[in-house]
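The values are calculated or read from the model by the stated rules, or taken from the named source; none is laboratory data. Owing to the predicted nature of the structure, the values given are computational and were not obtained by experimental measurement. Positions of Cβ are generated from backbone atoms using ideal geometry, with glycine treated the same way; all protein chains shown enter the neighbour counts.
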Amino acid sequence: MNHAITSSIKSLALVLSILALTPSVYAAGVDSRNYTCPELQRLILTNRFIFINNPNFEDFVVSNVSYCDGGGISGIIRLRTVPTKDLPECPVNYCLPVKGTTGGN
């Protein structure tokens, strides 16, 4: 194998490894206060869901209802707000618990 192909394969492997780890980092929790509201919204859309971990809010937020328990038509979203660098109240989608359960998502 020539050097250019080997180098390209190694670069691709590195990028794929980083991408594989990225969603788990956001699932472990982000502090919304480290992001502007548009940055936080983009992060949620890109990753489909994230765990927000700050003193005011500790739960998952989602990009749309399909990521809630029950998903689709049986899932219910409520708009909640979290503090960000630029706004005291940035709106995020929060899954309401399915009847008969406790907690969020």
Next on the checklist: Which count do you get for residues in segment 21-38 that are part of a helix (DSSP H, G or I) and at pLDDT 55 or above?
Outcome noted: 6
Checklist entry - Restricting the search to segment 60-96, which residues are surrounded by fewer than 16 Cβ atoms within 10 Å (Cβ to Cβ) and of a type in the set (K, R)? => result R78, K85
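Matching residues to (1) in contact with a helix residue (DSSP H, G or I) (Cβ under 6 Å, 6 or more places away or on another chain); (2) modelled with pLDDT of 55 or more; (3) surrounded by fewer than 13 Cβ atoms within 10 Å (Cβ to Cβ); (4) not in a helix (DSSP H, G or I):
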| position | (1), (2), (3), (4) |
| --- | --- |
| S7 | no, no, yes, no |
| L12 | no, no, yes, no |
| L16 | no, no, yes, no |
| L19 | no, no, yes, no |
| L40 | yes, yes, no, no |
| I44 | no, yes, no, no |
| I52 | yes, yes, no, yes |
| E58 | no, yes, yes, yes |
